[in-house]
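The values are calculated or read from the model by the stated rules, or taken from the named source; none is laboratory data. Not measured: the values here are computed from a predicted model. Neighbour counts are summed over all protein chains in view; Cβ atoms, including those assigned to glycine, are modelled from backbone coordinates with ideal geometry.
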Amino acid sequence: MAEDIATEIDPEDDDYVLNSRFVSSVRLAVAAGDATRLADLLEPLHAADIADLLEQVDGGLRREILLLGAGIIDGEVLSELDESIREEVIEFLPRQVLEDAVRDLDSDDVVDLVEDMEEPQQTAILDALEDSDRAAVEQALSYPEYSAGRLMQREVVAAPEHWNVGNAIDFLRSNTADLPDQFYHIIVVDPRMKPVGYVTLGKLLSARRAVPLSDLFEDSFRTIPVTQPEAEVAYAFNQYHLISAPVVDDDGRLAGIITIDDAMAVLDEEHEEDILRLAGVGEGSLSDRVLETTKQRLPWLFVNLVTAILASMVISEFEATISQLVALAVLMPIVASMGGNAGTQSLTVAVRAIATKDLTASNVWRVVRREALVGVVNGAIFAVLMGTVGVIWFGLPMLGAVIAAAMVINLLVAGLAGILIPVTLERFGIDPALASGAFVTTVTDVVGFFAFLGLATLILI
């Protein structure tokens, strides 16, 4: 058995769960009802890999895997699962398996597990917790959604400010059962439970026992309000290179702690969300059903249809011009396409800079000037190229001049629109990643067609 599994799982292959041979082995074990074989296949896998496997197979096979190998599903697997299938997985787990899985999780992972669930599923998970753990989770759920209070874990290692290194080490050794599975700092608090600093485990272990903890405080210490948006928390961790940070309530007292893994998960989610929204596909995943995916994409396809109609209306105003010079119909998609690509480039840079707080009110006009100059320079280069093509292709020097001028105008406007539109939307509290693309495309199409056909009407007709 061990040799068979070794042939299916290559430890040097990081993508072995995605390997069709391995998935086929899982299918065969399920089809044969061989729970032992399935357990042997899944047992060596990391929790994240088991979650990936459950996300990638179809719903029928997923349910069969859960029914046959429910004992393999633990809290780590549940926390790694995509939200779109997490509830489905929980529904198929036996109650005892679910209770054991949830008890293995830290409080922040339990909160992440239940916050988007319906009431029955929430109750099932909360009932599986000890009274103290349930109270901690329910308190976290009382904080605003996407806030530090939801993100933090309640398991904190804290020490009084009058302790020395020896006191702290003795405390850690005598309370091993109550310590979090992973922690990086000891939070030092005053008598009112307000954090005053923290000490890394490395400094604690390398210092002499008589050294006061206050002598080992890290310069990076900062507290996070419990209501602070999680996106700002992730930014602070990335900006100031934090490993962990204490969370304080409205009175400044220690409420919990946020660690770098949770902060970076939020940062990854923010980046992924921006990419998906720029493409107008919402927050969908590969596990979503056809109807759900259709609902997510339909509104933005409709917006695209409206913008296309606007561009077509501009073209229709120059119908007579196009009928007299068919070459315009051949060349005008090039102008619009170049403008659309240039606008998308500027837009992507702007949305990313806004998300990372690199684009602010203090430097926005400098960035606008830069994008305008880039648009002019690129427009001039391609104007020469397309002007030459227009002359050689159609033998009309003035046609080359028209498309060259239209190219400069549209690339200039594209650069400006790519920066100004997301900045303006952000000022009005609208997510620039969600709405900017449609506006930028509309502007570049309309301006491109109007500039090209308008100049052609004035000069060539």
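What to note about this one:
- Some residue of segment 4-26 being modelled with pLDDT of 85 or more and not in a helix (DSSP H, G or I): no
- Residue check, Asp262 under 30 Å from Gly59 (Cα atoms), buried (at least 17 other Cβ atoms within 10 Å of the Cβ), at pLDDT 80 or above and under 14 Å from the mean Cα position of the chain (by Cα): yes
- Screening Gly418, Gly454 for residues that are crowded, with 20+ Cβ neighbours inside 10 Å, in a helix (DSSP H, G or I) and not hydroxyl-bearing (Ser, Thr, Tyr) leaves exactly one candidate, Gly418.
- Val188 being modelled with pLDDT of 85 or more, touching a strand residue (DSSP E or B) at 6+ places or on another chain (Cβ under 9 Å), closer than 25 Å to Glu230 by Cα and not assigned by TED's automatic domain parsing to the domain that holds Gly60: yes
- Members of segment 68-109 found to be more than 19 Å from Arg150 (Cα to Cα) and polar (S, T, N, Q), listed by number: Ser84, Gln96
- Tally, over segment 346-389, of residues that are touching a residue at least 60 places away in the same chain (Cβ under 8 Å) and either touching a Gly at 6+ places or on another chain (Cβ under 7 Å) or not assigned by TED's automatic domain parsing to the domain that holds Ser436 (or both): 3
- Single residue of Asp215, Asp250 found to be without any contact (Cβ under 8 Å) to a residue 12 or more places away in the chain and acidic (Asp, Glu): Asp215
- Scanning segment 93-104 for residues that are in contact with a Leu (Cβ under 8 Å, 6 or more places away or on another chain), outside any loop (DSSP other than H, G, I, E, B) and under 22 Å from Arg63 (Cα atoms) turns up Ala101, Val102.
- Complete set of residues in segment 25-51 that are within 24 Å of the chain's Cα centre (by Cα) and surrounded by fewer than 18 Cβ atoms within 10 Å (Cβ to Cβ): His46, Ala47, Ala48
Residues are listed down the side, and each one gets a yes or a no for (1) within 34 Å of the chain's Cα centre (by Cα); (2) in a helix (DSSP H, G or I); (3) at pLDDT 85 or above:
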position	(1), (2), (3)
Arg366	yes, yes, yes
Glu371	yes, yes, yes
Val374	yes, yes, yes
Phe382	no, yes, yes
Met386	no, yes, yes
Gly390	no, yes, no
Gly400	no, yes, yes
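- Test: Ala177 is outside any helix (DSSP H, G or I), outside the structural domain of Val110 (by TED's automatic domain parsing), of a type in the set (Gly, Ala, Ser) and more than 33 Å from the chain's Cα centre (by Cα): no
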